[in-house]
Amino acid sequence: MEKYYLAALQHVFNLSEGVIGKLLDYFKTGENIWQVSPGEIKGSNILSDAQFKYYNDFHRKNTDFPKQLAEKCQKLKIRLTSIHDRNYPPLLKEIFFPPYVLFYRGTLQNDLPRLAMVGSRKITPYGRAAAEKLGRELAAQGVCIISGAAYGVDTECHKSALTIGTTEAVLGCGVDIAYPSSNRKLLDEIAEKGAVLSEYVPGTPPIKTNFPARNRIIAGMAMGILVIEAMERSGSLITVEHGINANRDIFAVPGSIFSPSSLGCNKLIQQGAKLVLDSEDIISEYRDKIKIKTLSKKNGNIEKDFVLSAEEERIYAILKPDIPLSVDDIIYKLHGSSPANVAFLLLQMELRGLVRSNDAHYYRNL
């Protein structure tokens, strides 16, 4: 039950990890802190008047909170790990004031090297192509991709990693809440193949102020941070700042000088982040941590039929990973091929995992 007492303390507003640490030094355990009288808490002179008021008000109204939390987690099949447990992410312990408790669904991938992949919510076709390529290639090498499950780059990194490996999502809300709601199915799949985790108790809504704090966990769990697209002022750069403070490696994908979506990445490169053109630029930094696998057309969990007919080869040569084309555009570039035949070939190629279409039925290669 100790970790549930720690979780209760962590949930009290305005009790930082540093303050909880001082309380633990004084009272020895989370259970002792929770069970001693308010007078003893106040007499320790650890809490400010405001902190004591928040703690006392919460404790008075929620005396059975640790027990109720344990029952809720058991019912929802949510696990806890505390900073004292062996399965707590090891690199996270190195940051300033790591969370005392993490809630999670799934299985923490502590046996794999982790790399954070973050970027803009307003993803461009170029950013999507880069996220898919790098996420897939790194996951194929046994890297666990960690991100925040937000719209845009985060979502694409999780999806691409799941095609061949595993990934972990760190939320700014309870792990029982799907945010954004459109990612509910994705989060369930992540929990099946990796883990969905949070420092916030189940039921915590996605409050705006939670996300900058969430970013320190993403940075802390990973050996390095890769930024794929970021505007000059971006939440992704908060993750980078946490990473720099924790002495993590910083990588960035360059972009067009005319694209606001790449301005943040380009400036990171100016400031010393390693420029990334392909996954080898990252893998080369971690030869001792990543067990290099041979990538092939048939590799592990992914199997694709790369034998193309002459007509399919012509279509594949026209398509680009970052510039989706409509069926009409493809037919025009093929100089008068049958529309029905082109549509059929595109469908077959998509089913074989060679091309991908968006909601508007624009196609690109992978």
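The values are calculated or read from the model by the stated rules, or taken from the named source; none is laboratory data. These numbers were taken from a predicted model, which means no experiment stands behind them. Methodologically, a virtual Cβ is constructed for each residue, glycine included, from the backbone with ideal geometry; neighbour enumeration extends over all protein chains shown. Just the protein is used for accessible areas: all its heavy atoms, side chains included, with ligands, DNA and RNA removed. Shrake-Rupley method; radii C 1.70, N 1.55, O 1.52, S 1.80 Å.
Structure values in brief
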item	result
Sum of side-chain charges, ASN62 neighbourhood, beta-carbon under 14 Å (Lys, Arg +1; Asp, Glu -1)	+1
Heavy-atom accessible surface of the chain: percent carbon and sulfur, 1.4 Å	53
Gain on full stretching of the segment that runs from ASP281 to ILE323 - 0.36 nm per residue minus C-alpha separation	12.7 nm
Potential lengthening between ASP288 and SER337 on full extension [0.36 nm per residue; Cα-Cα distance subtracted]	12.5 nm
The chain: calculated mean residue ellipticity at 222 nm from DSSP helix runs of at least 4, using -39500 (n - 2.57)	-12500 deg cm²/dmol
Out-of-range pairs (alpha-carbon distance over 32 Å; input LYS208/LYS274; LYS159/LYS267; LYS61/LYS159; LYS185/LYS320)	LYS61/LYS159
Integer Hz, Karplus 6.51/-1.76/1.60 couplings in order for the range 346-356, x for Gly and Pro	4, 4, 5, 5, 5, 5, 8, x, 8, 9, 9
Net charge, SER256 excluded, C-beta distance under 12 Å - Lys, Arg +1, Asp, Glu -1	-2
Modelled FRET efficiency - R0 41 Å, LYS267 with SER48, Cβ distances, 0.05 increments	0.60
Between 0 and 90°, nearest 10: helix 49-61 axis offset from the chain longest Cα axis	90
Share antiparallel - DSSP beta bridges, the chain, percent rounded to 5	45
Segment ARG184-GLN68, length gained on full extension (0.36 nm per residue, minus Cα span)	39.2 nm
GNM flexibility winner over the chain from PRO206, PRO180, PRO113 (Cα, springs under 10 Å)	PRO180
Given 15 as the ceiling on other Cβ atoms within 10 Å, longest exposed-site-free region of the chain for trypsin sites (Lys or Arg not before Pro) in DSSP loops	123-207
Cα-centre dipole for the range 1-109 with unit charges at Cβ (Lys and Arg positive, Asp and Glu negative), debye to 20	400
Paramagnetic label zone (point 7 Å from Cα along Cα-to-C-beta, HIS361; backbone N under 14 Å) in the range 316-332	325-331
Mean Cα-pair separation over length for the range 201-255, i.e. relative contact order, pairs under 8 Å, 6 or more apart, %	39
Debye log10 I(q)/I(0) at q = 0.11, 0.13 Å⁻¹ for the chain, Cα point scatterers	-0.79, -1.03
Percent RCO, i.e. relative contact order, over the chain, from Cα pairs under 8 Å lying at least 6 residues apart	13
Translational diffusion of the range 1-65, µm² s⁻¹ [Kirkwood Rh, Cα pairs; Stokes-Einstein; 25 °C; 0.890 mPa s]	213
FRET efficiency, 1/(1 + (r/R0)^6) with R0 35 Å, evaluated for GLU350 and SER256 via beta carbons	0.80
Along each principal axis, Cα extent of the range 59-215, largest first, Å	53, 30, 30
Among LEU115, LEU268, LEU24, residue whose mean-square fluctuation peaks in a GNM of the chain (springs only between Cα atoms under 10 Å)	LEU24
